Each structure stands twice: as C-alpha cells, then as structure tokens.
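**Q** Sharing a structure here in structure tokens format.
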Amino acid sequence: MKRRIIEIDQDKCNGCGACAAACHEGAIAMIGGKARLMRDDYCDGLGDCLPACPTGAITFTEREAAAYDEKAVLANKQKKMRERMKKEGMTLPCGCPGSQAKKIDRAEGSIPEVSHAESVNRLSQWPVQIKLVPVRAPYFDGARLLIAADCTAYAYAAFHERFIKGHITLSAAPSWTASIIPRS
C-alpha cells in the first residue's frame, strides 16, 4: 500500500535519540549511533518524531509501506514493559493492571445517593495514574477531568462522592511523574 511514512536521512542524523524517545509507537530505534525506522507497520505517519529532531533529519515521504498495525504496536509496547519490569526486578503475577485501560460502566441512577457515613466507588475508568493512562482512550471524549495532585485525595473520606462523581479521574503524585517530566 502506498502511504505517508517517515524517512530518516542518515547523513543529517546526529544520533541524539530524541526522535526515538518521541516515537510513541516504537517505530524508531537507535542502531550504531543513528536513528533507524525499524518497522513500517509501527509508523502511524503522524510524525511526532519530526519536531523532536534537532537536525531536520526526519521528513515525510510517500512510498509503498506496510499498513500501520496498531495491534502489533500495542503488543510490542507490552513486551517492552514486561522486559523493563523484569530488568528492574518488578514482578506482578497478573501483569500491571495500570497498563490495561478499562472503562467502568455504571447505569445512570444505578448508584444510590449515600450519606457521608456510607461510601460508593464512583471511579469510571482505569488506570488513573497519569503516566499509565492511554491518551487516546475513548472515555476522554467530552469528559470532565479531575486531576488529583497527590495521594492526599485518597485520605478524604468523601472524595468519591464529592469529587470523582461525574469525572474522569487522573492522579499525578510527584513521585510518579518525576520519571516522565524532564528536569531543567
């Protein structure tokens, strides 16, 4: 199939790796100190890597290429996560629940109003940790967001009833986000 896909000029590539880090699909890898498009079917053709390249080595081209394969990309991401967890000594018998997006459907009116002495889980999606939430999850469409800055929210007894109800909830504890927010 002929489609738009990236092309990397090896003469212009300085090997910084910024494009590989910016490629959410894992289509780009650093090989021998240079960026390389590893698999056509991993490149979605959106070009998140283009603005990351400081030398302009990445451009779009239209050529015969395998169709973008989202299932293969997701399987590769899961494989890399398992490898990283193993390398870092992290083990979970059932895998990381935060890596599995889940929408929790509750019929309107099926959750009764409760007094402050009672509690009802109002969470409508999983995961909640910002760095694990898939940015294109369908539950974000038209959603009202609640971003809890740290763990203190969970200490407030009425947090579900007063704040989570009717919102897509994300949590961004500084200890969780330190690894994804670059320090200057």
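Bear in mind these aren't lab numbers, they're just calculated from the coordinates by the rules spelled out. These numbers come from a predicted model, not from an experiment. As a convention, Cβ positions derive from the backbone with ideal geometry for all residues, glycine included, and neighbour counts pool all protein chains shown.
**Q** Using a 10 Å cut-off on Cβ atoms, rank the peptides 121-130, 38-47, 9-18 from the highest mean neighbour count down.
**A** Listed from highest to lowest mean packing, they are 38-47, 121-130, 9-18.
**Q** Additional query: Can you tell me what percent of all Cα-Cα pairs in segment 1-91 are more than 23 Å apart?
**A** 26 percent
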